[in-house]
Every structure is written in structure tokens, then in C-alpha cells.
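Below is the structure I would like to discuss, written out as C-alpha cells.
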Number of protein chains: 2
Amino acid sequence: MVQYPSTVDRAFAALADPTRRAVLERLGSGSATISELAEPFGMSLTGMKKHVRLLEEADLVTTEKVGRARRCMLVPRAFEGMTIWLQRLDRFGRVVERTKGAR
Amino acid sequence: MVQYPSTVDRAFAALADPTRRAVLERLGSGSATISELAEPFGMSLTGMKKHVRLLEEADLVTTEKVGRARRCMLVPRAFEGMTIWLQRLDRFGRVVERTKGAR
């Protein structure tokens, strides 16, 4: 049975790359065009477009055409579900730690 | 230039799979053997071992041999860094949202 990746699968997969994580951090301080995103990495526009497309497919980033450029911005609340899920696991991990310490 | 994946890269990549996320949730309620993990998924031991190995390589899960079985448990604090990072992005996302609302 072929299972297609869900949005959550795609979101975590998108975060598994240091360039894409840096792009998200950059967009945290405000929207940016593809060229503004590419420049600090010394990356081609084509390379950056691929990263942005993956972030869009994961519903983490949205883009809009402004004149000849394409502005990218964070999708509000895109990180909420993952954050809550990881916070729970983090708490679980701490319980494991305390239980080990008490042995 | 070949870039080898960092632990953070591997951790997010490991989370990009629903079975591995379910395994982590299961381990959140306590350690389990590979067979205990495989059973609810109707998965072969070999299949589950692969998932557990990926989680180990990402430093999210640790295992120890107990008799003939291998017990798996969460690595304490393994999720702390990712959680803090995602919380920050989540806050950034909310600022973006408020800014858009104020336009």
C-alpha cells in the first residue's frame, strides 16, 4: 500500500534541511523575495526556488507575486501543531529522566 | 561540496514519518521492546528495527539489550532544542498574523 505523505510528514521533512530552517528564521523577521532569501547563502535563484516550493508544499510558507518578484512569508500558526506535539514529547522525555534518576 | 546531515537534520527527518512519530508517543508512556512496538502496527520486527535504528541515529531513542529482547526508550531532553526552536518560529508566525491583521 502506497502511503502519501501528510502535511505533517512534509512539514517535518522540510525542517530536515539547514538552509530551509535558516530561510524560516529569516522570514520570522519579515517577508522577503526569493532573491533576498538566496543572496546570504550565495545560492542561485533556482536553488532557492526549490527550497521555497518545498516549504510551500509543507504549508509553512506562502508566497505572492509582487510586480516581477515573489514575496515569501511564514504561514501564521503553521508551527502550532508541531510545537504542541514536540512539547508533549519533551515533557515525556523529562518524566523518563526523573524516573531513571529515582531508580 | 557534500554536506553530511547534522543531528538536528536527522531528528527532523526521523519525525517526517507517521510510524516513527507513533513509536515516540508510545515510548512517551514508558520503554518497550521492538516486538511490543511492532505489534500494534502489524509490522515485521525487521521493519520496526529499521524505524528504531533511524530514531537512534537521530539521538531521539536509545536501546539496551535485556536478555534476548532490546528495550527502547526516549532519550531525555532529546526534544528540547527542536521544541525551543519551533516555539520561536511559532511566535514569529503569530507576529506575522497580527501585522497582517493590522494592515
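Here, each number is a calculation from the coordinates, and none is a lab measurement. The structure displayed is predicted, hence computed values, not measured ones. Because the Cβ atoms are built from the backbone with ideal geometry, glycine has one as well, and the counts that use them run over all protein chains shown.
Which aspartates and glutamates does B:Lys65 reach when only Cα atoms under 18 Å apart count, and residues fewer than 8 places away in its own chain are ignored?
Filter leaves B:Glu36, B:Glu56, B:Glu57.
Let me know the Kirkwood hydrodynamic radius for chain B, please, with Cα pairs as the basis and the value in Å to one decimal.
About 15.4 Å, per the Kirkwood formula over Cα pairs.
Shortest first, in nm, what separates the label point of A:Arg68 from those of the same position in the other copies (7 Å along Cα→Cβ)?
7.2
Run the helix sum for chain A: -39,500 (n - 2.57) per DSSP H stretch of 4+ residues, divided by residue count, reported at 222 nm to the nearest 500 deg cm²/dmol.
-18500 deg cm²/dmol
Say a label goes 7 Å from Cα toward Cβ at B:Ala22 in every copy; what distances in nm does this one have to the rest, shortest first?
Shortest to longest, the spacings are 3.7 nm.
Please report the relative contact order for segment A:1-91, taking Cα pairs under 8 Å with a sequence separation of at least 6, and give it as a percent rounded to a whole number.
30
OK, next. Amide H neighbours of A:Val61 under 5 Å, counting only residues 5+ apart in sequence or on other chains, H built in-plane at 1.01 Å?
Long-range HN contacts for A:Val61: A:Glu56, A:Val75.
Tell me, A:Ile34, B:Ile84 in order of fewest to most beta-carbon neighbours within 10 Å?
Ordered from fewest to most neighbouring Cβ atoms within 10 Å, A:Ile34, B:Ile84 come out as B:Ile84, A:Ile34.
Please list 3J(HN,Hα) in residue order for segment B:76-87, calculated via the Karplus relation 6.51 cos²θ - 1.76 cosθ + 1.60 where θ = phi - 60°; whole Hz, with x for glycine and proline.
Once rounded to whole Hz, the list reads x, 6, 5, 9, 4, x, 4, 5, 4, 4, 5, 4.
Still on this structure: Taking amide hydrogens as modeled 1.01 Å from N in the peptide plane, which residues meet the under 5 Å criterion relative to B:Thr33, leaving out close sequence neighbours?
HN-HN under 5 Å from B:Thr33: B:Cys72.
In nm, what does the list of distances from B:Gly42 to its counterparts in the other copies look like, shortest first, when each label sits 7 Å along Cα to Cβ?
Here B:Gly42 shows inter-copy label distances of 5.3 nm.
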